[in-house]
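The values are calculated or read from the model by the stated rules, or taken from the named source; none is laboratory data. The structure displayed is predicted, hence computed values, not measured ones. FYI the Cβ positions are ideal-geometry reconstructions off the backbone, even for glycines, and counts take in every protein chain you see. Surface areas here come from the heavy atoms of the whole protein model, side chains and all, with no ligands, DNA or RNA. Shrake-Rupley method; radii C 1.70, N 1.55, O 1.52, S 1.80 Å.
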Amino acid sequence: MEKPDLEKIKQIAGDSDELVQQFIAIIKEELPQEIKLYKTHLEHKDYLKSAEDVHKLKHKISILNLSLGYELAIAYENELRAGNAESALVFENVLTAMTQFIEKF
């Protein structure tokens, strides 16, 4: 499984360590909230709202340089919009990897 990293954030921030830290702070604040909301919607089988949550999470998946996770999120979002959550467990692995990575900071 691929692992998150800061390469995209560093590319965007250039030489600014302060900007890198700001990105990390935003992700640390928003990611747990977005995951919690996604899980609540999924638990209630509100697949359309879950799809919207996945759509928002895609941006953080991308910024943490998880290209395979991003592709999975695209497919999973479409799956949810069709009323199906078959890929939930696989998507959970991506969320876990992101959470564990960001907790290090």
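Considering only region 56-105, state which residues are closer than 27 Å to Q21 by Cβ, of a type in the set (A, V, I, L, M, F, W, C) and assigned to a helix (DSSP H, G or I).
Residues satisfying the conditions are L57, I61, I63, L68, A73, V94, L95, A97, M98, F101, I102.
Applying the selection to region 88-105, what residues are open to solvent by 40 Å² or more (accessible area, probe 1.4 Å) and closer than 16 Å to P32 by Cβ?
Once the filter is applied, which keeps residues that are open to solvent by 40 Å² or more (accessible area, probe 1.4 Å) and closer than 16 Å to P32 by Cβ, region 88-105 yields E92, T96, T99, Q100, E103, K104, F105.
Does A51 count as among the aliphatic types (A, V, I, L, M) and either part of a helix (DSSP H, G or I) or open to solvent by 90 Å² or more (accessible area, probe 1.4 Å) (or both)?
Judged against the criteria, A51 is a match.
Counting only residues that are buried (at least 16 other Cβ atoms within 10 Å of the Cβ) and touching a residue at least 40 places away in the same chain (Cβ under 8 Å), how many does region 61-87 have?
Residues in region 61-87 being buried (at least 16 other Cβ atoms within 10 Å of the Cβ) and touching a residue at least 40 places away in the same chain (Cβ under 8 Å): 6 in total.
When you go through (1) at pLDDT below 95; (2) open to solvent by less than 70 Å² (accessible area, probe 1.4 Å) one by one for D15, which number turns out not to apply?
(2) is the only condition that D15 fails.
As an exercise: evaluate K45 against (1) part of a helix (DSSP H, G or I); (2) over 13 Å from the mean Cα position of the chain (by Cα); (3) more than 18 Å from F105 (Cα to Cα) and give the number of the one condition it does not meet.
Only one criterion in (1) part of a helix (DSSP H, G or I); (2) over 13 Å from the mean Cα position of the chain (by Cα); (3) more than 18 Å from F105 (Cα to Cα) is unmet by K45, namely (1).
Within region 52-81, can you find the residues that are in contact with a Phe, Trp or Tyr (Cβ under 8 Å, 6 or more places away or on another chain) and farther than 23 Å from K10 by Cβ?
D53, V54, L72, Y76, L80, R81
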